[in-house]
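One structure is given here, and the rest of the page talks about it.
Read the figures in this text as sums done on the coordinates, not as results from a lab. If you're wondering where the values come from, they're calculated on a predicted model, not measured in any experiment. When we count neighbours, we look across all protein chains shown, and the Cβ atoms used for this are built from the backbone with ideal geometry, even at glycine.
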Amino acid sequence: MIRTAATILRKDLRIELRTRESVPAMALFTVTVYVLFHFGLDRDSLDGELASGVLWVTLLLATVIGVSRLFATEREQGGIDALLLAPVDRTALFLAKAAALFLYLLALEVVAVPAFGLLLLGPDLVDTLPELPAILLLADVGLASVGALVAALAIETRARELIVPLLLLPLLVPLLIGAASATEPLLRGDQAAEGLGRFLALLAAYDAVFVLIAVAVFDFLLDD
Amino acid sequence: MYSKGFRPLSIAAVLATGTALALIFFYAPNDADQGFIQKIFYVHVPMAIVALGGFVAGGIMGIRHLRTGDRSWDMRSYVAIHLSIILGAGVLITGAIWAKASWGHWWVWDEPVLVSFLVVWLLYCVYYPLRYSIEDPDRQARYSSVFAIAAGAFVPINFVAVRLAEAYTHPRVLSQTGGSLPGEMRLTFLVSTLAMTLLFVTLWKLELTSKHASMQLKRLRRRLEATA
């Protein structure tokens, strides 16, 4: 199963490397949204709750783009039938798609977080983020598993572009609460990281529940 | 098929609702500092409990559907979620009225239960566009059940998360519906919850029966057209 998943993942990554469709679009989108926030809030630099909220809401919106493109190549070129005809375990398919989305998100954050620091954070806050990678990693697991589940749920619907954000964003509210609240003290500058463990635990619990649910129900999606 | 025991159930629902209303208006005392408006509590909170119960029950019926492959379980899950969404709209409206009367604002963000409820309700509203944009009936049932399961599991997680976020800014020791109700209020509350539950189950059975009947009618009509 792991081997099958790795093969599908390799295929997806190769397509992404050659077409450069999802990740650059997501990165461009986040930078644009930062510019929008700059003008919308009329602030040159942010800190605390506002900074953490802007960072995470932007990442969540970029995830919507990644999720709605997750099965795009298969759908547009008909590869999905071949994939489903092949004796491939659906769990392997889920793992591959979630892993692909996870890697896209990591690649996105490599661009988006420094861009955020550069464009919107005050100069003294930029290098005060030692815990941020842990929060990002935990959040990405949740984003990737919920994202892959939602992408599969929406694939058979007629109004896919509508269903994905409407379904994904409310599902991500607990993740946003955990991630934004964990990041907020880091961006306040006074380094009092109170309650960090609690929100990391919330993120980890969210990840565990949704990975398990997705693995359990994925068998019933994407058949025939 | 769905109408077994419908008559006694509906009589019980009518009796319980009548008793609950009588208790609310004539038996339960007026709240010391909120006065008469506090009585909306006996509608608002049971409605919220029953709606959440309906969402979770819809998820469990979704599991039964995927386990057994019997589409009638998807129909049960659909009707439970459908009724819960309607009740949910009632919860949000009564919650807003209560908030306006006792805090002076139509919406307050530091009430974690109401905020969580809004998130859950927004998620479940997507059930309709998801369900009705899938044409193949078998697939529609399967995808709807998957949604019902994922959303049903989401309900408790979301409540914990919103409460954590609120506890972080506004420490709260006891929920106001917990243990501290005086006897008369508690009795009224319990009877109201029972009445709301019976009402929900009755409406659920009614809707299932009517859906079943109209489906059978459609089938018969199709057969008639085929022979004519």
Is any helix in chain A, taking whole DSSP H runs, at least 27 angstrom long along its axis by alpha carbon and on average at least 1.6 on the Kyte-Doolittle scale, and which ones?
-> A:22-41, A:48-68, A:90-120, A:132-154, A:196-217
Among B:GLY62, B:PHE159, A:GLY79, which residue has its Cα positioned farthest towards the positive end of the charge dipole of the protein assembly as shown, with +1 placed on the Cβ of Lys and Arg, -1 on the Cβ of Asp and Glu, and the dipole taken about the Cα centre?
-> B:GLY62
Two pseudo-spin positions, 7 Å from Cα along C-beta at B:SER210 and at A:VAL111, lie apart in nanometres by 5.3
Give the order of B:HIS65, B:HIS44 when sorted by the count of other beta carbons within 10 angstrom, beginning with the fewest.
-> B:HIS44, B:HIS65
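Would you mind ranking A:LEU172, B:LEU220 by Cβ crowding within 10 Å, fewest neighbours first? Display every interim value, and only then the final one.
Details: A:LEU172 24, B:LEU220 10.
Lowest count first: B:LEU220, A:LEU172.
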What lysines could a cross-link reach from B:LYS39, if we take a straight Cα to Cα line under 19 Å and drop same-chain neighbours fewer than 8 places away?
-> B:LYS100
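Sorted from fewest to most neighbouring beta carbons within 10 Å, what does the list B:PHE154, B:PHE25 look like? Show your work: numbers first, answer last.
On the way: B:PHE154 26, B:PHE25 12.
In increasing order of surrounding Cβ atoms, one gets B:PHE25, B:PHE154.
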For B:LYS4, counting only lysines whose alpha-carbon sits under 28 Å away and dropping same-chain residues fewer than eight positions off, the answer is B:LYS205, B:LYS211, B:LYS218
In the stretch A:14-101, GluC sites (Glu not before Pro) in a DSSP loop with at most 15 other beta-carbon atoms within 10 Å = A:GLU21
Cross-link partners among lysines for A:LYS11, C-alpha distance below 21 Å, same-chain residues fewer than 8 apart left out?
-> A:LYS97
Please label the shape of the stretch B:6-227 as rounded, prolate or oblate, based on the square roots a ≥ b ≥ c of the eigenvalues of the alpha-carbon gyration tensor (a/c under 1.5 means rounded; beyond that, a/b larger than b/c means prolate, else oblate).
-> oblate
Per residue Cα convex hull volume in Å³ - calculated over the stretch B:1-108 = 104
Under 5 Å from the placed amide H of A:LEU121, counting only residues 5+ away or on other chains, we find A:LEU46
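Evaluate E = 1/(1 + (r/R0)^6) for A:ALA159 and A:ASP42, where r is the Cβ-Cβ distance and R0 equals 35 Å; express this FRET efficiency to the nearest 0.05. Mind showing how you got there, number by number?
Working: r = 35 Å, r/R0 = 1.01.
After rounding, the FRET efficiency stands at 0.50.
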